[in-house]
1. If we keep just the residues of segment 115-131 that are open to solvent by 100 Å² or more (accessible area, probe 1.4 Å) and either within 28 Å of residue 52 (Cα to Cα) or among the hydroxyl-bearing types (Ser, Thr, Tyr) (or both), which is farthest from the chain's Cα centre (by Cα)?
2. With (1) out of contact with any Asp or Glu (no Cβ under 9 Å at 6 or more places or on another chain); (2) touching a residue at least 60 places away in the same chain (Cβ under 8 Å); (3) in a helix (DSSP H, G or I); (4) of a type outside the set (Ser, Thr, Tyr) as the list, and residue 166 as the residue in question, which single condition is left unmet?
3. Scan segment 218-232 and give yes if some residue there is over 23 Å from the mean Cα position of the chain (by Cα) and part of a helix (DSSP H, G or I), otherwise no.
4. Strands (runs of 3 or more DSSP E) wholly in segment 55-133 with at least 2 residues that are at pLDDT 95 or above and touching a helix residue (DSSP H, G or I) at 6+ places or on another chain (Cβ under 9 Å) - which ones?
5. Can you name the condition, by its number, that residue 148 falls short on among (1) among the small types (Gly, Ala, Ser); (2) within 22 Å of the chain's Cα centre (by Cα); (3) surrounded by 14 or more Cβ atoms within 10 Å (Cβ to Cβ); (4) modelled with pLDDT under 95?
6. In contact (Cβ under 8 Å) with a residue 60 or more places away in the chain and more than 27 Å from residue 117 (Cα to Cα), is that true of residue 188?
7. Can you name the number of the only condition in (1) open to solvent by 40 Å² or more (accessible area, probe 1.4 Å); (2) in contact with a Lys or Arg (Cβ under 8 Å, 6 or more places away or on another chain); (3) touching a residue at least 12 places away in the same chain (Cβ under 8 Å) that residue 107 fails?
8. Provide a single number: the residues in segment 192-206 that are in contact with a Phe, Trp or Tyr (Cβ under 9 Å, 6 or more places away or on another chain) and open to solvent by 60 Å² or more (accessible area, probe 1.4 Å).
Amino acid sequence: MRTRQTKRNRLRKSKYNFVSHNLNNFNDATENWLFFEVGEIGDDWGQTSGYVGNSANSILPDAYTIVIDNDLNQNGSNLAIMATLAHELIHAYMFDTLSDAGVITFDQNTGVPKLNVICQDGTNYNNLNLNTLSTSERFAALICAMEASNTLTPQWSHDLFNENVFSVTTYQQQLADFIFENHDWNSEDFDFKNDMISYFGSNWKLKTAEACSWIGLTDTTEYSSYRDSITNPMIKTGLIQLAEYRNFVNDANFNCN
């Protein structure tokens, strides 16, 4: 299945609608296309790849493909599907921004992003004023700062979820806000709701949304720091069960068509 922007109905509008903002980046006018597919992708719920075209020479424009795992598509809960689609949309927007800035390229066979940054010896990238830099310089400086501090890992694209260079708040926080504001909590499965209340108490909606926003980010140092900062053992257990093991997430309500 291949469509262009056909699943917007699954991503409802947020008060701070970063989802609509990101989706608007992909249309004929911007020379960016976004495709959604369903396929077998192993343990991941979703994957995003990219392709850089050349519309000036009548070749395909820049195109990005989000693949949702077939099992999630068939059996996933509304909550799991929402979190996954929004997470992958962030990747697509991020990759397009980084590609336009010349910071990444894409493998021609797999579409996997590859860093394209040359860091200058002797430059203290941690002390640069990002506000004085162009978009490409800003992202290059961020990547070089991560490299200099030995925090640049294969998880670099997920690490960027926790940086505010794309907007005033991190993408992880925007994702948590989006889930909290847009998921249909009142129609949630009774058993799932009780499980979440047992972990998070009366604030279960906010905490569940927050935990789901970390799905896919659990190998980042920011997640480890956040998890370790939680002192309440029940809340920490609930976070780990949802974010790391993804237990209970697909026990939530499922009625997508």
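The values are calculated or read from the model by the stated rules, or taken from the named source; none is laboratory data. Small disclaimer: the values here were computed from a predicted structure and weren't measured. No Cβ is skipped: glycine too gets one built from the backbone with ideal geometry, and neighbour counts run over all protein chains shown. Surface accessibility is based on the protein's heavy atoms, side chains included, excluding ligands, DNA and RNA. Shrake-Rupley method; radii C 1.70, N 1.55, O 1.52, S 1.80 Å.
1. To start, the set of residues in segment 115-131 that are open to solvent by 100 Å² or more (accessible area, probe 1.4 Å) comprises 118, 120-121, 126-127, 131.
Those still in the list that are either within 28 Å of residue 52 (Cα to Cα) or among the hydroxyl-bearing types (Ser, Thr, Tyr) (or both) too: 118, 120, 131.
Details: 118: 26, 120: 30, 131: 24 Å.
Taking the candidates together, the pick is 120.
2. With respect to (1) out of contact with any Asp or Glu (no Cβ under 9 Å at 6 or more places or on another chain); (2) touching a residue at least 60 places away in the same chain (Cβ under 8 Å); (3) in a helix (DSSP H, G or I); (4) of a type outside the set (Ser, Thr, Tyr), residue 166 is out only on (3).
3. No; the residues of segment 218-232 include none that is over 23 Å from the mean Cα position of the chain (by Cα) and part of a helix (DSSP H, G or I).
4. By residue number, 62-69.
5. (2)
6. yes
7. It is condition (3) that residue 107 fails.
8. Summing the residues that are in contact with a Phe, Trp or Tyr (Cβ under 9 Å, 6 or more places away or on another chain) and open to solvent by 60 Å² or more (accessible area, probe 1.4 Å) in segment 192-206 gives 5.
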